[in-house]
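Peer 1: This structure is in structure tokens; I'll ask about it shortly.
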């Protein structure tokens with residue numbers, strides 16, 4: 001079982017409008033909404049791939065209820081822990097030219113709620129093969145929150161996908177894998193090797209259409225997709241995390257993990273719906289990903 | 001008891017942002033939300049004035065639950081009837097220069113849901129002194145929905161506050177009072193007298209800062225506020241409806257009803273929060289409203 005943690009779970013709402021007009025009243029043509037936040041999105045990919053997955057994290061208020069109802073609809077096992085605050089919504093307004101996004105701040109987590117969550121997390125992590133910690137920390141969670149969870153996970157391998165101070169502090173608990181993108185890496189360190197020096201056992205840097213670079217204790221590799229894939233990049237990073245989590249669970253060799261991650265990510269970009277992947281393209285891409293030692 | 005009907009109940013969400021930037025990601029500074037829709041807003045004013053009020057209408061989905069939870073928080077008696085569809089949200093994005101509004105379409109009401117609602121409404125109307133029918137009809141409700149409710153209300157006086165075809169069709173059930181604003185009146189008729197000819201027993205036209213014009217079976221009056229009141233006009237119309245509903249319940253003379261409506265409306269404009277009124281200003285304005293026969 002893979003346990004994914006989403007401390008700042010969200011209800012992702014998408015509005016389609018003809019053209020967003022500022023400082024006017026806009027009629028929404030249609031509304032879509034679903035549970036989101038990085039860990040939830042990773043869990044969705046794992047579930048679609050047939051893996052046993054459990055979703056935990058923090059949720060609260062009416063929006064928290066909406067999030068939980070959507071997890072139930074998706075068939076995802078919901079072990080979110082209640083907080084008193086109201087979970088955040090994200091509103092994405094899509095018109096003919098582009099998307100406008102509004103991000104609510106999310107609940108303020110109290111010290112008592114955080115302590116209770118760490119305890120519950122340790123119980124949930126016990127039967128897990130892999131723990132995925134993904135996304136930003138909501139206000140009130142200590143800056144070293146991911147390090148605390150990493151330690152509470154004990155021997156279970158941890159995959160950490162976050163950025164900035166949360167990533168830096170999280171390294172001290174020696175996560176099995178961290179997955180910054182190029183921009184997130186540049187913000188905090190000069191090289192993947194620097195993150196290993198700070199505690200990460202392996203560093204996988206995602207570079208969009210250029211694929212992945214992995215720096216690990218067993219060697220370093222660069223994996224590239226067979227072709228430039230045009231499409232919807234939303235969810236490509238979550239697909240990489242899902243594939244790397246499966247690799248951690250199965251103990252596959254690094255080149256195989258990277259091949260899988262690049263193929264799944266490219267198949268996700270190719271699918272028009274955010275977070276879904278093109279099953280045929282995944283099978284087709286898999287043998288054509290190039291992996292070279294570097 | 002005054003029964004208010006909100007067929008298209010809403011969750012009104014307000015986001016404050018520094019400046020809304022289209023086609024970019026915007027951080028929401030703070031979030032406020034509450035149950036809305038005209039009938040709910042009128043009920044809030046009636047409740048604040050100490051009147052016994054019951055809220056009915058249609059609500060569904062997670063947003064419907066949020067609406068009902070907010071009614072409970074406000075201490076309003078909730079007799080909303082469930083529908084399978086998802087109630088609408090309105091999102092108002094306020095920045096330093098103005099407000100941008102997004103209106104969701106709301107649920108599509110089925111024939112069975114509508115029939116069940118009319119039956120339930122008739123039960124709820126039985127002990128009511130006055131029935132307030134306010135706001136737009138959601139998709140699926142027949143165009144003569146307000147006329148059906150008016151007939152189901154039997155002898156109880158009905159105050160109808162809507163516009164366009166819903167108002168025109170509603171006149172056939174002979175409502176005690178209709179309250180179009182100047183614009184809504186101009187859309188469908190040449191004069192208040194024309195609406196009386198089509199079935200309304202009394203017509204009160206709201207004219208913003210110019211006050212009210214009433215054309216009734218007992219005479220015609222113009223009521224004007226004592227001064228031009230600057231402030232937040234949101235909720236001024238709901239305050240007029242609330243005051244007129246109280247007048248119907250008590251059987252006060254028309255000049256007194258109009259005086260009350262103008263004073264309450266001006267006191268609402270003066271209060272910075274939408275839908276709340278300035279208690280001192282209300283008491284101060286009341287004796288200074290001018291009412292003349294015309």
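Peer 1: Can you tell me which residues in region A:163-190 are free of Cβ contacts under 8 Å to residues at least 60 places away in the same chain and not in a helix (DSSP H, G or I)?
Peer 2: Matches in region A:163-190: A:163, A:174, A:175, A:178, A:180, A:181, A:189, A:190.
Peer 1: Here's a follow-up. Determine whether residue A:228 is more than 21 Å from residue A:199 (Cα to Cα) and part of a loop (DSSP other than H, G, I, E, B).
Peer 2: yes
Peer 1: Restricting attention to region A:67-94, which residues are farther than 24 Å from residue A:46 by Cα, away from every other protein chain (no Cβ under 13 Å) and surrounded by 20 or more Cβ atoms within 10 Å (Cβ to Cβ)?
Peer 2: A:83
Peer 1: Residues A:24, A:10: which one is over 21 Å from residue A:128 (Cα atoms) and touching a residue at least 40 places away in the same chain (Cβ under 8 Å)?
Peer 2: Checking each option against the conditions leaves just A:10.
Peer 1: I need the full set of residues from region B:255-281 which are in contact with a strand residue (DSSP E or B) (Cβ under 8 Å, 6 or more places away or on another chain) and surrounded by fewer than 21 Cβ atoms within 10 Å (Cβ to Cβ), in order please.
Peer 2: Within region B:255-281, B:255 is the sole residue that qualifies.
Peer 1: Can you confirm whether residue B:122 is buried (at least 23 other Cβ atoms within 10 Å of the Cβ) and closer than 21 Å to residue B:40 by Cα?
Peer 2: no
Peer 1: For residues in region B:34-66 being within 9 Å of chain A (Cβ to nearest Cβ) and either touching a residue at least 60 places away in the same chain (Cβ under 8 Å) or crowded, with 22+ Cβ neighbours inside 10 Å (or both), which is farthest from residue B:145 (Cα to Cα)?
Peer 2: B:66
Peer 1: Let me ask something additional. Return the total of residues in region B:57-93 being farther than 23 Å from residue A:32 by Cα, assigned to a strand (DSSP E or B) and out of contact with any helix residue (DSSP H, G or I) (no Cβ under 7 Å at 6 or more places or on another chain).
Peer 2: 1
Peer 1: Let me ask something else about it. Identify, please: which residue in region B:206-228 is exposed (fewer than 15 other Cβ atoms within 10 Å of the Cβ) and at pLDDT 95 or above and is, among those, farthest from residue B:288 (Cα to Cα)?
Peer 2: B:217
Peer 1: Sticking with this one: Checking residue A:107 against (1) within 14 Å of chain B (Cβ to nearest Cβ); (2) touching a residue at least 60 places away in the same chain (Cβ under 8 Å); (3) assigned to a loop (DSSP other than H, G, I, E, B), only one condition comes out false. Which one?
Peer 2: Going through (1) within 14 Å of chain B (Cβ to nearest Cβ); (2) touching a residue at least 60 places away in the same chain (Cβ under 8 Å); (3) assigned to a loop (DSSP other than H, G, I, E, B) one by one, residue A:107 breaks only (2).
The values are calculated or read from the model by the stated rules, or taken from the named source; none is laboratory data. Remember, predicted model here, so these are calculated numbers, not experimental data. Because the Cβ atoms are built from the backbone with ideal geometry, glycine has one as well, and the counts that use them run over all protein chains shown.
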